[in-house]
Amino acid sequence: MNKYIQIISTGAALFMLGLLSCEKSFDEKIELNNEFSNKGVMQVFLATVGASRNFIYVDTKPVTGALLTSGGLFPATGVGFQLQPGLRQFLIRDTLRTTTQLPLGFAEEMSAGQRYTLFLYDTINAMKYKLLPLQVIEPVDTSVRLRFANFAYNGLASTPAVDFFSVVRNEVVAANVGYTAVTDFTPYPSELAGEGFQVRLAGTTTVLATLSNISLTRKRSYTVAYRGSHRATSGTSVRSVSIFANN
């Protein structure tokens, strides 16, 4: 018994000695790898009407852990997920066995050091995509950079052009933005109290959707997107406005 206790005690002592010898490593700062110059980086916004449980695959491998629903952003936080440069195969699909959603597959050439925004839109029966290179330029002052996207679906009829209107500034920020159009980033004041945006029929004061009480953090870049069903005023497909940061 004494021999057994002695073995255990010796083992414990060696274990504690090992911890003490490694103690220095807990104080050392681990350098995070923020170098993405040899990879592509992508952000995905799902504007597809009726999409409820989508997953994204790249070269047959899943990149989303949680399901992505209409109006969702992947990744929900952060600037995007990494992609190897070269021709990549993408697949967006609903994994539910009884789903009526048609999968969307396509191939795109990815460049090292390039960032992208992938917009998914239309409906689950005819999902489409728009891939845009993204260049984030940090303002030298306290402003932000803002762009607007029109991906609200309108059935058989073409979605009319819209204006994006600032409630606080009482002015049109982007005019006559057509369906699937995405404006360039433009400078915009940050941290305006009570800021909000309206989507209006182009050239009119008819409000289609409103985004209220938002705060734009200085030096950030943002996308404001009109999505949902252009004709729906209620329900899960209601037309609405979303905003997400690009950096």
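Worth a mention:
- Share, in percent, of DSSP beta bridges within the chain that are antiparallel, nearest 5: 80 percent
- Residue of Tyr57, Tyr153, Tyr116 that the Gaussian network model of the chain assigns the largest fluctuation, springs spanning Cα pairs under 10 Å: Tyr57
- If you take the alpha carbon atoms of segment 70-205 and fit the smallest convex hull around them, that volume is 150 Å³ per residue.
- Rounded to the nearest 500, the 222 nm mean residue ellipticity of the chain from helices alone is -3000 deg cm²/dmol, with -39,500 (n - 2.57) taken per DSSP H run of at least 4 residues.
- Å² of accessible area per residue within the chain, as computed with a 1.4 Å probe and no ligands counted: 55 Å²
- FRET efficiency estimate (nearest 0.05) - Cβ-Cβ, Thr236 to Val172, R0 30 angstrom: 0.50
- One chain, two ends: Tyr129 and Thr210. Fully extended at 0.36 nm per residue, the span grows by 26.7 nm beyond their Cα-Cα distance.
- Flagged links, alpha-carbon separation over 24 Å, of Lys39/Lys61; Lys130/Lys219; Lys61/Lys128: Lys130/Lys219
- Tilt relative to the chain, helix 2-21 - C-alpha long axis, 0 to 90 degrees, to 10: 50 degrees
- Rounded percent of accessible protein surface that carbon and sulfur make up, the chain, 1.4 Å probe: 55 percent
- The chain: relative contact order in percent, alpha carbon pairs under 8 Å with at least 6 residues between: 16 percent
- Stretchable slack from Lys219 to Leu201, in nm (0.36 nm times residue separation minus alpha-carbon distance): 3.5 nm
- Cα-based Rg of the chain normalised by 2.2 N^0.38 Å, two decimals: 1.36
- Under 13 Å, Cβ to Cβ, from Leu104 - net charge with Lys/Arg +1 and Asp/Glu -1: 0
- Gain upon complete extension [Asp141, Arg88; 0.36 nm per residue less C-alpha separation]: 15.3 nm
The values are calculated or read from the model by the stated rules, or taken from the named source; none is laboratory data. This one's a predicted model, so the numbers in the text were calculated from it and none came from an experiment. In this analysis, Cβ positions are derived from the backbone assuming ideal geometry, glycine residues included, and neighbour counts consider all displayed protein chains. Only protein heavy atoms, including side chains, enter the accessible area calculation; ligands, DNA and RNA are left aside. Shrake-Rupley method; radii C 1.70, N 1.55, O 1.52, S 1.80 Å.
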